[in-house]
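Trainee: Mind looking over this structure? Questions follow.
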């Protein structure tokens, strides 16, 4: 093979690898994007959420998608959607603690090195926040927090 052929072959292989990687990444995120889009549509229909600003994926006993946002009347509410059945639960924020307050409470109680995520779902048929965090020793912890009171319901730590 000539030098030009080798260069052309190397460039072609690199381009193929880059295109394959981009395709793989796009296909990997397709289910998440689809779930998010469908959840936004359900939130608009069932909870009248017109300005969504939160999406969560809660997986504990069952899998739930949740969407939070403002209605036309500027009321903040969440809709929790059972991923398997599509059944929805609408929860008005009311006087419940805001997400950041829940995160701050977990950070104060367990002093993690990083909060990984906060997702809303149903645990024992009650709206519950799942806060995942990374401990300073590198282990993972999960704290389930009651939506209305902000009190810890369950702790799974040092996984």
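Just so you know, all these numbers are worked out from the coordinates, no wet-lab data involved. Source: prediction; values computed, not measured. Heads up, the Cβs are rebuilt from the backbone with ideal geometry, glycines too, and the neighbour counts pull from every protein chain shown.
Trainee: Between residue 101 and residue 70, take the C-beta separation as r, use R0 = 22 Å, and let me know the FRET efficiency to the nearest 0.05.
Mentor: 0.75
Trainee: Shifting gears a bit: Please compute the contact order of the chain in relative form: average sequence separation of alpha-carbon pairs under 8 Å and at least six residues apart, divided by the residue count, as a percent.
Mentor: For the chain, the relative contact order is 13 percent.
Trainee: Given the DSSP H assignment, sum -39500 (n - 2.57) over each helix run of at least 4 residues in the chain and divide by its residue total; what's the result at 222 nm in deg cm²/dmol, nearest 500?
Mentor: That comes out to -13000 deg cm²/dmol.
Trainee: Helix 99-110: angle to the longest alpha-carbon principal axis of the chain, degrees 0 to 90, nearest 10?
Mentor: Between helix and principal axis, roughly 90 degrees.
Trainee: By average Cβ neighbour count within 10 Å, what is the ranking of 93-104, 115-126 from highest down?
Mentor: So the peptides 93-104, 115-126, ranked by packing, come out 115-126, 93-104.
Trainee: Next question. Tell me the volume per residue, in Å³, of the convex hull enclosing the alpha carbons of segment 99-156.
Mentor: Output value, Cα hull per residue: 66 Å³.
Trainee: Additional query: Computed FRET efficiency, Cβ-Cβ of residue 37 and residue 125, R0 22 Å: what is it to the nearest 0.05?
Mentor: 0.25
Trainee: Compute the relative contact order of segment 3-92 as a whole-number percentage, counting only Cα pairs closer than 8 Å that sit 6 or more residues apart in sequence.
Mentor: In percent, rounded to a whole number, it is 18.
Trainee: Taking only Cα atoms, what is the 0 to 90° angle, nearest 10, from helix 3-47's long axis to the longest principal axis of the chain?
Mentor: For 3-47 against the chain, the angle is about 20 degrees.
Trainee: Scale the Cα Rg of the chain by the rule-of-thumb value 2.2 N^0.38 Å and send over the ratio, two decimals.
Mentor: Relative to the 2.2 N^0.38 Å estimate, the chain comes out at 1.40.
Trainee: So, one more: Taking 0.36 nm per residue of sequence separation and subtracting the Cα-Cα distance, how much length would be gained by fully extending the chain between residue 140 and residue 117, in nm to one decimal?
Mentor: 7.1 nm
Trainee: Starting from 0.36 nm per residue, how many nanometres of slack lie between residue 12 and residue 90 once their C-alpha separation is accounted for?
Mentor: The span from residue 12 to residue 90 would gain 22.8 nm if fully extended.
Trainee: Compute the distance from the alpha-carbon center of segment 35-60 to that of segment 82-137, in whole Å.
Mentor: Centre-to-centre distance over Cα atoms comes out at 16 Å.
Trainee: For residue 53, put the label point 7 Å out on the Cα→Cβ axis and report which residues of segment 88-119 keep their amide N under 13 Å from it.
Mentor: 98-100
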